[in-house]
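The values are calculated or read from the model by the stated rules, or taken from the named source; none is laboratory data. As the structure is a computational prediction, the values presented were derived from the model and not from experiment. So basically every Cβ, Gly included, is an ideal-geometry build from the backbone, and we count neighbours across all protein chains shown. Accessible surface is based on the protein model in full, side chains and every heavy atom, while ligands, DNA and RNA are left aside. Shrake-Rupley method; radii C 1.70, N 1.55, O 1.52, S 1.80 Å.
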Amino acid sequence: MMDDFDDFQAVFFQECEELLGDLQDHLESIADGDFDAETLNAAFRAVHSIKGGAGAFGFDHLVNFAHIFETVMDKLRSDELDANPTVTKVLLRSNDVIADLVADAQNGAPPRDNVERVRLELEALINPAAADAAPVADAGQAAASTPAPAAPETQASQTAPEVLAEPEEEAEPTRDVTIRIAPGPEFIHSGHDMVKLIRAFKSMGDVRVETEGELPPLSDHDAVTTQLVWTLTLNTAETISEIEEFYDFYAHTADFTITDSSVAEEAVSAEAEPAAPVQEETVAEQAQDVQEQAQEPLEASSATVVELNVSSEGQVALDEVKAAVAQADAAEKAEKAAAPKATEAPKKAAASNKAAKTLRVELNRVDRLVNMVGEIVITQAVLNQKISEVDLPPNNQVAQAIEQLSHQTRELQESVMAIRAQPVKSVFSRMPRVVRDLADQLGKEVTLELAGEHTEVDTTVIEELAEPLTHMLRNSMDHGLEMPDAREAAGKPRCGTVWLTAEHRGERVTITLEDDGAGINRDRVLAKAIEKGIVPEEAQLTPEEIDMLIFAPGFSTAAAVSNVSGRGVGMDVVKKKVQALGGRVSLQNNPGKGAKFVITLPLTLAVLDGMTIGIGDERFVLPLGSVVEALKISDDVMETLPSGSHILRYRDNYIPLLSVRDLLGLDPALERESLAVVVETETDGKISLLVDELIGQRQVVLKSLEANFKRIEGISGATILGDGRVALILDVPALHALGTGHNVSALRKAS
Amino acid sequence: MKTVLAVDDTATIRGMLRHCLSKAGHTVIEAEDGAQALEQLRAHRPDIVITDLNMPVMDGLEFIERARQEECGRTLPMLLLTTETADHLKQRAREVRATGWMNKPFNPGKLLKLVDQLT
């Protein structure tokens, strides 16, 4: 049976992941002081559930830790412990440790060193005095004294082989044991049944049953409340304590008195006395163990026909009870059968509705769906194109149907995309952990402020985002934020702050990572870049260009290579990764005050609303969301700067004017472009592009140029138009960078 | 065989209960909390209930208390399967007329024996 448990282990770990996520959220709310009783309960339940599952699989380290964690959470929710900063700090650390333990359990790794340390911290919260008196040396003992729910499981597996070895011990002599059972008034109403109980006793040996007391006439008889006293004579080899353990499970609803015939009467009554507290005990907790013991003799006695040897009046009584029970049973069965199917059916439907709340699907399947929808969008575009080429009368039905089809295609596409959308929270929520670990390691004080965690982005984007984001965060903390003393000297609070925010901007998602550290030291960056041969020594760079050097391959300014920010594979890898996602990284450096990194990403990697433009014979696509307007231009609104770049006067402002033709090296124009398209960019404000014609707007399916051909600066991808032509998708900020040389690769070419 | 209602907010535990009980030929119905369990109880009339104690919406004790008011729950065996061990909770369990108390982690063999014994 254990083999099949592998499947459940997988489910367990999947569930743990969700529980850990919830736990972290709740604990952070608690740490922020923003919580209520339900938050505490939910956090408690998360730990509790992890413990329960872990116990089932025998992850003892995890169980032990979860147990004490849970105890602390329990004290919090019962107000025995106050959620002050000292406590919440330990809770957050415990959250990290329990996440580690889950991961270790999954990988079969031994527990890490910090587990014991944090466990002691938790212990200290439960019992401050003991923790003071009992330093680390007591750790092992403390662990041993922790009630480990996994223990019964271990015992069970140990006893299992003994069951097989049992026949050798079978020679043990049997004797008669008398058990008097007086069911309490709630016996039947607690779900118990005397017939079943007697049957269960039969698993320990032969049973004779007698009853005391009078039964009322059958007509007045209530099988549920009548309390007969039953005396069982059990011929068994089991010890008294084993039998007591067995009925302990029932002891809260019935009085049991046990007499061993092999022992002198006086001695027995003495022994029966201590049995009394057992009877009084609450609901039996060791039912499993009882069952274990019951199981052993079952094998031996199952073949024996057990007769219910009863005295004559008892026989009658038993028959009557049996009849009454049967009657009650039949009534219940009838009631069951009579339950109208009509009410049952909708309830079933409601239940299955609830079950359909979420569905786990392999990403591959969704990707296939997305690809197919992409193809349909293209086909749709072809169809639209063709139909527009045919001269159809107005209100033509084919045209109308196609119009409807395009609406439906769009809806289909949006629904499919929604399947893959996921809040960035799944990535953001990992960051507090990174910050805590790193702050400890670096000896810095850091607060991480998250915002916009609910911003939804395509799943594939999110997965790819974790690594660059972690890297940038580490980078900010390692290079950006100063040591507490240095911060104080600079007139800043000792504790640095890092802000991580996500928001939607049009068709894109912007993720901002900002810190209030020292910013980028331009002198050092430039010196380093020259030393590494990234820029020539005599290069004249603007401050912004110097900042961008940190994204150059092979650049690292850390005086000593630390294991925090990597070995100079840092920011250029970040940039590459983001670019591979169709995104961009930009940087605002404020030396002495901090630095701000902005990542902008497309919402989806698959489909784009585009404006098709024509330059010469070529077709290009601009993301529709970024297009502000198109203008007819004349000489008097254009000006050429001494550097040779052009600007456009646009509503009393000057904005850059780019010639796509020149930047991409297309055939020179026969006559000058007559139109300018004004585009809004996230990083560079408004930029205008010179174009020959506007073709129209349409949905395009993005095909990666990098995957199919190679990366070209200024182009973010390609698509196939309705007429089968390939159009390139323009990346306006990259084009602008290309135009101003505001870009390391362009710079390199120049040098 | 029997119909068992397994109530636990943890899918892992529900899955394990389902696995071990259905292997023995029992039919297993699931519920994620006490409120759902009440609905399932009325809809399916199980032969026995195995319920967790700590659950959102409605916990195991309240569920048992309410189920005992129902016609189909009056004499139904209802076991608590929990990691809790506190005496006051066991006292509560007795008050709401729980049939018995089992501690997690459970041993599949013992659980099956108990189900057979009580149904």
Taking the condition surrounded by fewer than 20 Cβ atoms within 10 Å (Cβ to Cβ), without any contact (Cβ under 8 Å) to a residue 60 or more places away in the chain, outside the structural domain of A:Asp731 (by TED's automatic domain parsing) and under 22 Å from the mean Cα position of the chain (by Cα), does A:Glu449 pass?
-> yes
Being in contact with a Leu (Cβ under 8 Å, 6 or more places away or on another chain) and within 12 Å of chain B (Cβ to nearest Cβ) is the filter; apply it to region A:45-61 and report the residue that is most open to solvent (accessible area, probe 1.4 Å).
-> A:Phe59
Which ones in region A:505-523 are among the small types (Gly, Ala, Ser) and open to solvent by less than 60 Å² (accessible area, probe 1.4 Å)?
-> A:Gly517, A:Ala518, A:Gly519
Can you name every residue in region A:524-539 that is charged (D, E, K, R), surrounded by fewer than 15 Cβ atoms within 10 Å (Cβ to Cβ) and under 21 Å from A:Gly480 (Cα atoms)?
-> A:Arg524
Which one of A:Ala223, A:Ala200, A:Ala156, A:Ala171 is at pLDDT below 70 and open to solvent by less than 20 Å² (accessible area, probe 1.4 Å)?
-> A:Ala156
Being part of a strand (DSSP E or B) and open to solvent by less than 60 Å² (accessible area, probe 1.4 Å) is the filter; apply it to region A:700-715 and report the residue that is nearest to A:Pro623 (Cα to Cα).
-> A:Val700
Could you please tell me which pairs satisfy a Cβ distance under 9 Å, a separation of 6+ or placement on different chains, a first residue in region A:174-193 that is away from every other protein chain (no Cβ under 14 Å), and a second residue that is open to solvent by 50 Å² or more (accessible area, probe 1.4 Å) and small (Gly, Ala, Ser)?
-> A:Arg175/A:Ser261; A:Arg175/A:Ser262; A:Asp176/A:Ser261; A:Asp176/A:Ser262; A:Val177/A:Ser261; A:Val177/A:Ser262; A:Thr178/A:Ser261
Which residues, taken from region B:88-104, are open to solvent by 10 Å² or more (accessible area, probe 1.4 Å), without any contact (Cβ under 8 Å) to a residue 24 or more places away in the chain and either within 8 Å of chain A (Cβ to nearest Cβ) or among the aliphatic types (A, V, I, L, M) (or both)?
-> B:Gln91, B:Arg94, B:Asn103
From the options A:Val118, A:Val97, residue that is modelled with pLDDT of 85 or more, under 18 Å from A:Cys16 (Cα atoms) and crowded, with 20+ Cβ neighbours inside 10 Å | A:Val97
Residues of region B:23-54 satisfying the condition of being at the interface with chain A (Cβ under 9 Å from one of its Cβ atoms) and open to solvent by 10 Å² or more (accessible area, probe 1.4 Å) = B:Lys23, B:Ile29, B:Glu30, B:Glu32, B:Gln36, B:Glu39, B:Gln40, B:Arg42, B:His44, B:Arg45, B:Asn54
Looking at (1) more than 24 Å from A:Glu15 (Cβ to Cβ); (2) surrounded by fewer than 21 Cβ atoms within 10 Å (Cβ to Cβ); (3) at the interface with chain A (Cβ under 9 Å from one of its Cβ atoms); (4) of a type outside the set (A, V, I, L, M), can you tell me which one B:Thr85 breaks?
-> (1)
Would you say B:Val4 is touching a residue at least 40 places away in the same chain (Cβ under 8 Å), surrounded by 22 or more Cβ atoms within 10 Å (Cβ to Cβ) and more than 9 Å from chain A (Cβ to nearest Cβ)?
-> yes
Identify, please: which residue in region A:646-674 is more than 50 Å from the chain's Cα centre (by Cα) and crowded, with 16+ Cβ neighbours inside 10 Å and is, among those, nearest to A:Arg508 (Cα to Cα)?
-> A:His646
